[in-house]
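**Q** Before I ask anything, here is the structure I am working with.
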Amino acid sequence: MSNDIRVIELGFVNAYLLKAGDGYVMIDTGLPFQWDMLERELQSAGCVPGSLKVVLITHGDWDHAGNVLRLRDKYKVKLAMHSGDVNQVEKGVFLKRKVRPLAHRILFTARMMLRNFQKDKMSFPKFTPDILLSDGQSLQEYGINAKVIHLPGHTPGSIGILTDTGDLFSGDTFVNRKKPDSANIIENEAALRNSLDRVKKMNVKMVYPGHGKPFVMERLHRQG
């Protein structure tokens, strides 16, 4: 793992902090009630207000975009995501999705119930992104040699961030709970299959998933 990548483990979900020249780029933000933990990690890394260049949101789910407003307010940073998930974050649109296997379906249902039960702590602030990202877009202007990869399937606007060295920050297109796997919460199965086929043709060496530990892409190829 590169020293320029800091994995921020926020319970069951990950955020990532990338060194970007004289500053940082952040990928995903965790749930709203995890703000204190997230802020401590940023401070520990030396990421202070003014040094965060952009927040890249892999998709519009609440566990990945839950702290964007606090980051924008405190760090004076712009929020960037794909247009496909704007309805989720602007209007709170709830996506109809399939969950596999049964164990994950039960867990997903339990999380939704917890969200409704703890509305004050788990409420998801709606926001309008500052930047709309497009497939193939270079991120060099933010100090990292990487590009945006549109990977719909988990959500319509899911993206990955692929660096020149083969590190893929995949959001929930890939997960690694018990073992590396593709998304098990699926909005569009055909789109997900196309996204997975596309990734197979890319020079991906390491995957940094939204949930679970980073893993070598070859492990997934061997399983497939």
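Laboratory data are not the source of any read-out in this text; all were calculated from the coordinates shown. Just so you know, these numbers come straight off a predicted model, no measurement behind them. Glycine gets a Cβ as well: all are built from the backbone with ideal geometry, and neighbour counts include every protein chain shown.
**Q** Charges on Cβ only, +1 for Lys and Arg, -1 for Asp and Glu, centred on the Cα centroid of the stretch 5-223; of Gln43, Leu168, Ile186, which one is farthest towards the dipole's positive end?
**A** Ile186
**Q** Can you show me the helix-derived [θ] at 222 nm for the chain, built from DSSP H runs with n ≥ 4 at -39,500 (n - 2.57) apiece and divided by the number of residues, rounded to the nearest 500.
**A** -8500 deg cm²/dmol
**Q** A further question on this structure: What do you get for trypsin sites (Lys or Arg not before Pro) in the stretch 56-94 restricted to DSSP loop and a cutoff of at most 11 other Cβ within 10 Å of the site's Cβ?
**A** Lys76
**Q** For the stretch 5-223, what does the convex hull of the Cα positions come to per residue, in cubic angstrom?
**A** 111
**Q** Moving on. Tell me, what HN-Hα J-couplings in whole Hz come from the Karplus equation 6.51 cos²θ - 1.76 cosθ + 1.60 at θ = phi - 60° for each residue of the stretch 31-46, using x for Gly and Pro?
**A** 7, x, 6, 9, 4, 4, 5, 4, 5, 4, 5, 5, 5, 4, 7, x
**Q** Among DSSP bridges having both ends in the stretch 124-224, what percentage is antiparallel? Round to the nearest 5.
**A** 70
**Q** When the Karplus curve 6.51 cos²θ - 1.76 cosθ + 1.60 is applied with θ = phi - 60°, which whole-Hz ³J(HN,Hα) does each residue of the stretch 180-193 get, with x for Gly and Pro?
**A** Taking θ as phi minus 60°, the curve returns x, 7, 7, 3, 10, 10, 10, 8, 9, 5, 5, 5, 5, 4 Hz for the stretch 180-193.
**Q** To continue, here is another question. Are there trypsin sites (Lys or Arg not before Pro) in the stretch 136-224 that DSSP puts in a loop and that have at most 16 other Cβ atoms within 10 Å, and which ones?
**A** In loop regions of the stretch 136-224 (DSSP not H, G, I, E or B), the sparsely surrounded trypsin sites (Lys or Arg not before Pro) are Arg177, Lys178, Lys201, Lys205.
**Q** Related question: Counting only DSSP beta bridges with both residues in the stretch 5-223, what percent are antiparallel, rounded to the nearest 5?
**A** Taking every DSSP beta bridge within the stretch 5-223, about 65 percent pair in antiparallel fashion.
**Q** Separate question: Rounded to a whole number of µm²/s, how large is the Stokes-Einstein D of the stretch 131-224 at 4 °C and 1.567 mPa s, given Rh as the Kirkwood radius over C-alpha pairs?
**A** The Stokes-Einstein estimate is 98 µm²/s.
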